[in-house]
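The values are calculated or read from the model by the stated rules, or taken from the named source; none is laboratory data. The model shown is predicted, which means the values in this text are computed figures rather than measured ones. Neighbour counts run over all protein chains shown; Cβ positions are idealised from the backbone, glycine included.
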């Protein structure tokens, strides 16, 4: 198990909370809610240690298109970068809905 | 095309069982009541510990659903997930005792005790059993085993304590999972990889045909929700109280020459059941 | 079922029977029940109590239930006998039921699953819970193993759980050997884990720290109880029965001890927050 933290600048306030996914094999859950300080914060807890650079890469890509001031908690059970991105996009989509 | 219930996650399953737009979750993911024991063992936690408790209505009447997420830790019962189920049932009991009936529904998808929380999982399961027995005197407790994990270990007893048990063909119900039996008693006792054998023993259709489940239903959201509503009209005594019936059935069995699953369907046919 | 008398089972698995004999002076054999379920009435304090034990029988008709497991016949017999006690006492003060617990597990087998051992286990738990709700003080006395499904069906529905402080009194969801196989860890690693993580431990002192034990009875010879040991235990049982008679018939006392408040804090917190949210709009 490993815990990682990331932070990104944000432009838009986030108004609601969104939960997607499950901490099941090859999957993850995402809890997204308003951030208190106008920036985006991501905390990742993953069952697979040693992939900090990969996480950063996926999150960099996600935040290149998402500018909400969100506090995001990720609980990961060995998801691939593709699945991580899918869940993040689902959460962003649900936020817009 | 069918609207699969099995493919739904626990939260959506609970929502599907409750009347439209009545779902209100208690202790949801953002309350972050997580397992205190898994992080100590290096295991990632899920924010709701794998159980969704939701209030709402069933057929217009106040209800509570506790649905287990089979995809998280095999639906295993830890301290928190177990306390969520037991606590929900205890509150339903309190309301029933105050003359405000609450319809309880359990959506069971679990391998039983979560081994990393061992004795606290077992204790919670005993408390779930206690709550079902107490609550069942006021209102039917309805169990659903849809399929994905099945329902095993101490929680199979919880299923058997329900006033009414609804299963699909994809459900498996047994005290000991096939892998556990193979491990404990050897492959000569049971080959857990032999699917036909396993389904013949503990599949939903077999359980229904031998009187160990009440309703066999298609894997369809609407059909399952309808059967749950219907189950609250039951007046039949719970199966686990029918001691004489089952003692008589068991006395007729020769363990040296046990019947085949198919033969048991005839021996323990649903017809003539009280 | 064999009509031949069995030699008394040896070793730890015979503790249930040994304590039944010690506390009641009887062997508890019933005319039309399997030899694995022993039941005897005996005085306890001012009243008569019913003592129930599940014991090994090398000739049990179900081979997977010969070593102290709760199998199909055992669970259904427990259900039948406990419910029988309830009907006998319908018009009198409900007798105390003392479950003497030394059960290695539930029976694992193909026949068991086919014939619905989960329902048999449920029926036994149901009967004990129903007896408790009907006002029978149900007391479990852990004298040996209290494992997994065996404990759920015989003892875990008790108003109060008492335990002998003995290294052979073990409580767990899965035997050490099986847990080692399932988790692919050596038994020693599991023992180390149990020292760090209380609910993972097997020993009764750790179990006591979970707040689930009403009284841990120390200094008693669990294997060969002398007259003083038996008197001690009888006194503890009598007191537990009195406590149970004057207390709620549910299991709420399991969350009220200092130990429970410390170790089962999450169990308490979940209930508190559920209650808070229950009626909120």
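Identify, from the list C:94, C:167, the residue that is within 25 Å of residue C:233 (Cα to Cα) and in contact with a helix residue (DSSP H, G or I) (Cβ under 8 Å, 6 or more places away or on another chain). Before you say what the answer is, go through the steps one by one.
Numbers: C:167 fails: in contact with a helix residue (DSSP H, G or I) (Cβ under 8 Å, 6 or more places away or on another chain).
Selected residue: C:94, the only one of C:94, C:167 that is within 25 Å of residue C:233 (Cα to Cα) and in contact with a helix residue (DSSP H, G or I) (Cβ under 8 Å, 6 or more places away or on another chain).
How many of the residues making up the stretch B:5-54 are within 16 Å of residue B:143 (Cα to Cα) and in contact with a helix residue (DSSP H, G or I) (Cβ under 7 Å, 6 or more places away or on another chain)?
Residues meeting the conditions: 7.
So which residues in the stretch A:64-81 are touching a helix residue (DSSP H, G or I) at 6+ places or on another chain (Cβ under 9 Å) and assigned to a helix (DSSP H, G or I)?
Listed by number, the residues that qualify are A:65, A:81.
Just to be sure before I move on: is residue B:53 at negative phi, away from chain A (no Cβ under 12 Å) and without any contact (Cβ under 8 Å) to a residue 40 or more places away in the chain in the structure I sent? Steps first, please.
Working: at negative phi: yes; away from chain A (no Cβ under 12 Å): yes; without any contact (Cβ under 8 Å) to a residue 40 or more places away in the chain: yes.
In short, yes.
If you check residue C:219 against the conditions, is it more than 8 Å from chain B (Cβ to nearest Cβ), free of Cβ contacts under 8 Å to residues at least 24 places away in the same chain and outside any strand (DSSP E or B)? Don't jump to the end; show me each part of the working.
Working: more than 8 Å from chain B (Cβ to nearest Cβ): yes; free of Cβ contacts under 8 Å to residues at least 24 places away in the same chain: no; outside any strand (DSSP E or B): yes.
In short, no.
Looking only at the stretch C:127-135, decide whether some residue is surrounded by fewer than 24 Cβ atoms within 10 Å (Cβ to Cβ), within 7 Å of chain B (Cβ to nearest Cβ) and farther than 22 Å from residue B:196 by Cα.
Applying the first criterion (surrounded by fewer than 24 Cβ atoms within 10 Å (Cβ to Cβ)) to the stretch C:127-135 yields C:130, C:133-135.
Adding the requirement that they be within 7 Å of chain B (Cβ to nearest Cβ) leaves C:130, C:133.
Pick out the ones that are also farther than 22 Å from residue B:196 by Cα and you get C:130, C:133.
Within the stretch C:127-135, one or more residues are surrounded by fewer than 24 Cβ atoms within 10 Å (Cβ to Cβ), within 7 Å of chain B (Cβ to nearest Cβ) and farther than 22 Å from residue B:196 by Cα.
Only one of B:73, B:46, B:116 is within 14 Å of chain A (Cβ to nearest Cβ) and surrounded by fewer than 24 Cβ atoms within 10 Å (Cβ to Cβ). Can you tell me which? Before you say what the answer is, go through the steps one by one.
On the way: B:73 fails: surrounded by fewer than 24 Cβ atoms within 10 Å (Cβ to Cβ); B:46 fails: surrounded by fewer than 24 Cβ atoms within 10 Å (Cβ to Cβ).
Result: B:116 is the single residue among B:73, B:46, B:116 that is within 14 Å of chain A (Cβ to nearest Cβ) and surrounded by fewer than 24 Cβ atoms within 10 Å (Cβ to Cβ).
Could you say whether any residue in the stretch C:59-73 is under 14 Å from the mean Cα position of the chain (by Cα) and at positive phi?
First, the residues of the stretch C:59-73 that are under 14 Å from the mean Cα position of the chain (by Cα): C:68-70.
If we keep only those that are at positive phi too, we end up with C:68.
Within the stretch C:59-73 (the criterion being under 14 Å from the mean Cα position of the chain (by Cα) and at positive phi), the answer is yes, since at least one residue qualifies.
Within the stretch B:236-245, can you find the residues that are assigned to a helix (DSSP H, G or I) and crowded, with 18+ Cβ neighbours inside 10 Å? Before the answer, list the steps.
Narrowing the stretch B:236-245 to residues assigned to a helix (DSSP H, G or I): B:239-241, B:243-245.
Correct list: B:239, B:240, B:241, B:243.
Give me the residue from the stretch C:243-263 that is more than 7 Å from chain B (Cβ to nearest Cβ) and not in a helix (DSSP H, G or I) and, out of that set, surrounded by the most Cβ atoms within 10 Å (Cβ to Cβ).
C:249
How many residues does the stretch B:76-96 hold that are over 22 Å from residue B:5 (Cα atoms) and within 14 Å of chain A (Cβ to nearest Cβ)?
2
Please specify each residue of the stretch B:173-200 satisfying the condition of being touching a helix residue (DSSP H, G or I) at 6+ places or on another chain (Cβ under 8 Å) and either assigned to a loop (DSSP other than H, G, I, E, B) or at pLDDT 95 or above (or both).
B:173, B:174, B:175, B:176, B:189, B:190, B:191, B:192
Please go through (1) in contact (Cβ under 8 Å) with a residue 40 or more places away in the chain; (2) out of contact with any strand residue (DSSP E or B) (no Cβ under 6 Å at 6 or more places or on another chain); (3) not in a loop (DSSP other than H, G, I, E, B) for residue B:248 and return the number of the only condition it doesn't satisfy.
Result: residue B:248 fails condition (1) only.
Looking at the stretch B:263-270, is at least one residue under 21 Å from the mean Cα position of the chain (by Cα), in a helix (DSSP H, G or I), crowded, with 16+ Cβ neighbours inside 10 Å and free of Cβ contacts under 8 Å to residues at least 60 places away in the same chain?
The first filter runs over the stretch B:263-270 and keeps only residues under 21 Å from the mean Cα position of the chain (by Cα), leaving B:270.
Cutting the leftovers down to in a helix (DSSP H, G or I) gives us none.
Checked against the condition, which is being under 21 Å from the mean Cα position of the chain (by Cα), in a helix (DSSP H, G or I), crowded, with 16+ Cβ neighbours inside 10 Å and free of Cβ contacts under 8 Å to residues at least 60 places away in the same chain, the stretch B:263-270 yields no hits at all.
Could you tell me which residue of the stretch B:10-32 is nearest to the other protein chains (Cβ to nearest Cβ), considering only residues that are assigned to a loop (DSSP other than H, G, I, E, B) and over 22 Å from the mean Cα position of the chain (by Cα)? Working first, answer last.
First pass over the stretch B:10-32, keeping only residues assigned to a loop (DSSP other than H, G, I, E, B): B:18-23, B:27-28, B:32.
With the extra rule that they be over 22 Å from the mean Cα position of the chain (by Cα), the set shrinks to B:20-22, B:32.
Working: B:20: 18, B:21: 14, B:22: 12, B:32: 8 Å.
Checked the stretch B:10-32; the qualifying residue nearest to the other protein chains (Cβ to nearest Cβ) is B:32.
(1) assigned to a helix (DSSP H, G or I); (2) free of Cβ contacts under 8 Å to residues at least 24 places away in the same chain; (3) crowded, with 19+ Cβ neighbours inside 10 Å: which one isn't true of residue B:255, the others all being true?
All conditions are met except number (1).
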